[in-house]
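S.K.: Handing you this structure, nothing more for now.
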Amino acid sequence: MFKKLLAGAAVSALLTHSLFAAPTGKDIPFAAEAREIYKTAVETHTAKGHGKVPDLANYLAGKFKAAGFPEEDIHVKPVGETAVLIVRYRGDGSSGKKPISISAHMDVVEALASDWVNDPFKLIEKDGFFFGRGTLDDKLGITAVTTAFLRMKTEGFVPSRDLIIAFSGDEETGMISTKALVHEFRDLTDSEFVLNADVGGGLLPEEGGPPASFGLQAAEKTYVTFEATVRNPGGHSSRPTGTNAIYDLATALKKLEAYNFTVNYNDLTLKYFSSTAKKTPGDLGKAMAKFATDPTDEWAIKTLRKDPSFVGTVGTTCVATMLQGGHAENALPQSATATINCRIFPGEGVAKTLATLKTVMANEEIEFVTLGDPTETDASPLRDDVLAALRKAVDTTYPGLEIVPSMSSGGTDGMHFRAAGIPSYGVHSVYIKSSDAFAHGLNERLPVKTFYDSLTHWYVLLTEISK
Ligand SMILES: [Zn+2]
């Protein structure tokens with residue numbers, strides 16, 4: 001899933017570091033190979049229901065074989081109609097450390113060709129962009145990580161610890177394959193931590209120039225949906241009674257509307273606010289700075305809660321999203337159901353959130369149902385080695401760009417690794433303008449420059465973290 005990146009005003013005086021004097025763009029090693037992989041990946045229709053993920057996994061497996069990876073280190077494992085790809089890059093063990101996994105997803109969200117300007121499953125380069133489903137989410141990640149492995153192998157690079165590619169095949173839908181990577185195939189993927197090639201990077205300002213910051217995803221909120229139902233014997237609408245399922249539910253929902261969940265914070269969100277404050281003008285910036293030093297400050301909390309971009313960063317949110325009730329225009333309703341979607345702050349938990357909902361909505365007659373099987377995760381502690389390697393990688397594209405830890409609203413492979421006790425860091429290199437970001441939507445695209453920059457980013461990141 002392509003998460004909201006970190007917005008902000010452009011920073012001046014960025015270019016204090018000397019520029020990395022390596023080749024860039026199409027001149028970098030393996031650029032042509034990468035473009036071919038990208039084209040094949042985009043043109044393989046890996047949306048749910050088409051059964052094509054194994055084709056893509058096998059195609060990539062062939063590339064690793066051709067580059068000299070031994071067969072026993074390359075695994076395409078079927079998971080229902082989809083598949084996972086696991087590739088181990090053996091190190092010399094000199095660091096004495098556990099492996100590092102790199103995650104990305106081979107599937108895409110469905111795209112209807114009739115709605116697109118061009119065929120979504122053809123890679124088209126036009127006006128400085130690559131167009132096609134997955135160009136942004138996440139066939140860029142698949143391509144950049146694969147190409148980095150091929151280049152490192154060809155150059156004879158030997159890591160000081162094993163590196164493991166762990167590509168999932170249904171991240172956009174069930175994440176069954178992600179769970180399989182973490183549990184069923186744990187003997188092949190067990191690692192100290194994960195680098196996620198599906199989230200990370202920065203928003204390019206609409207007016208041009210470098211991004212304001214690089215967002216490093218180190219936490220996700222828990223996504224959970226509840227249904228709240230009021231039942232009633234009903235009756236004829238000409239004979240209203242003292243109780244009514246719709247009125248009872250409406251009364252309870254008005255209480256939820258007026259309620260603010262407890263304020264939460266952790267090291268990561270406080271760092272995020274103190275960094276972002278510097279580039280955010282007006283009261284909002286002041287509130288961020290204040291909250292970062294005193295997260296109990298009432299004015300700061302109130303100001304941040306008023307902004308839809310930040311209300312979720314200061315605590316759990318739950319909001320009514322769907323409504324259903326009654327069965328005939330001339331009958332008293334026998335039931336009324338509201339769908340309530342929550343984004344739970346790390347550490348708060350689903351059970352506690354549900355208990356709070358029950359207390360707040362204050363009607364013992366309401367039946368609550370939890371939809372699906374929510375995955376609860378804690379924030380991943382920031383690591384100096386990840387930050388140091390990421391620093392070098394980011395500097396190849398935007399020297400000196402500030403790296404800001406972030407928490408996304410939930411929904412990447414990272415959450416299943418975190419839930420299993422393996423920290424995950426979203427360190428991908430997507431740089432795009434907000435007005436060009438159409439992940440999951442129509443006419444998805446990626447700036448050509450970002451494509452080639454991403455290849456260098458992953459090559460530097462992986463060689464630095466494992467040298
Ligand atoms: Zn994605």
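The values are calculated or read from the model by the stated rules, or taken from the named source; none is laboratory data. Quick caveat, the model's predicted, so the values are computed rather than measured. Note: ideal-geometry Cβ built from the backbone for every residue, glycine included; neighbour counts use all protein chains shown. All accessible areas refer to the heavy atoms of the entire protein, side chains included, with ligands and DNA or RNA removed. Shrake-Rupley method; radii C 1.70, N 1.55, O 1.52, S 1.80 Å.
S.K.: State the number of residues belonging to segment 304-343 that are more than 30 Å from residue 242 (Cα to Cα) and in a loop (DSSP other than H, G, I, E, B).
M.R.: Summing the residues that are more than 30 Å from residue 242 (Cα to Cα) and in a loop (DSSP other than H, G, I, E, B) in segment 304-343 gives 7.
S.K.: Now, a different point. Could you pull out the residue among 315, 347 that is of a type in the set (Gly, Ala, Ser), open to solvent by 40 Å² or more (accessible area, probe 1.4 Å), closer than 25 Å to residue 408 by Cα and within 20 Å of the chain's Cα centre (by Cα)?
M.R.: Checking each option against the conditions leaves just 347.
Matching residues to (1) open to solvent by less than 60 Å² (accessible area, probe 1.4 Å); (2) outside the structural domain of residue 281 (by TED's automatic domain parsing); (3) in a helix (DSSP H, G or I); (4) at pLDDT 95 or above:
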{"site": "15", "(1), (2), (3), (4)": "no, yes, no, no"}
{"site": "19", "(1), (2), (3), (4)": "no, yes, no, no"}
{"site": "34", "(1), (2), (3), (4)": "yes, yes, yes, yes"}
{"site": "40", "(1), (2), (3), (4)": "yes, yes, yes, yes"}
{"site": "45", "(1), (2), (3), (4)": "yes, yes, no, yes"}
{"site": "55", "(1), (2), (3), (4)": "no, yes, yes, yes"}
{"site": "63", "(1), (2), (3), (4)": "yes, yes, yes, yes"}
{"site": "78", "(1), (2), (3), (4)": "no, yes, no, yes"}
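Rundown of residues vs (1) farther than 17 Å from residue 386 by Cβ; (2) buried (at least 24 other Cβ atoms within 10 Å of the Cβ), yes/no style:
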| residue | (1), (2) |
| --- | --- |
| 153 | yes, no |
| 160 | no, no |
| 183 | yes, no |
| 189 | yes, yes |
| 194 | no, yes |
| 199 | no, yes |
| 209 | yes, no |
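S.K.: Could we say that residue 325 is more than 30 Å from residue 277 (Cβ to Cβ), at pLDDT 95 or above and open to solvent by less than 60 Å² (accessible area, probe 1.4 Å) here?
M.R.: yes
S.K.: Can you tell me which residue in segment 252-268 is nearest to residue 214 (Cα to Cα), limited to those that are open to solvent by less than 30 Å² (accessible area, probe 1.4 Å) and at pLDDT 95 or above?
M.R.: Step by step, filter segment 252-268, then rank; the result is 264.
S.K.: Please work out which one of (1) open to solvent by 50 Å² or more (accessible area, probe 1.4 Å); (2) modelled with pLDDT under 95; (3) in contact with a Pro (Cβ under 9 Å, 6 or more places away or on another chain); (4) under 30 Å from residue 394 (Cα atoms) is the condition residue 241 fails and give its number.
M.R.: (4)
S.K.: If the requirement is being in contact with a Gly (Cβ under 6 Å, 6 or more places away or on another chain) and more than 16 Å from the ligand (Cβ to nearest atom), which of these qualifies: 246, 164?
M.R.: Criteria check complete, one pass: 246.
S.K.: Could you tell me whether segment 141-148 includes any residue that is open to solvent by 10 Å² or more (accessible area, probe 1.4 Å), in contact (Cβ under 8 Å) with a residue 60 or more places away in the chain and more than 13 Å from the ligand (Cβ to nearest atom)?
M.R.: no
S.K.: Every residue in segment 80-127 that is within 16 Å of the ligand (Cβ to nearest atom), open to solvent by 20 Å² or more (accessible area, probe 1.4 Å) and charged (D, E, K, R), please.
M.R.: If the condition is that a residue be within 16 Å of the ligand (Cβ to nearest atom), open to solvent by 20 Å² or more (accessible area, probe 1.4 Å) and charged (D, E, K, R), then 110 is the only one that fits.
S.K.: What residue, among those in segment 407-440 that are under 12 Å from the mean Cα position of the chain (by Cα) and open to solvent by 20 Å² or more (accessible area, probe 1.4 Å), is nearest to residue 187 (Cα to Cα)?
M.R.: By that ranking, first place goes to 415.
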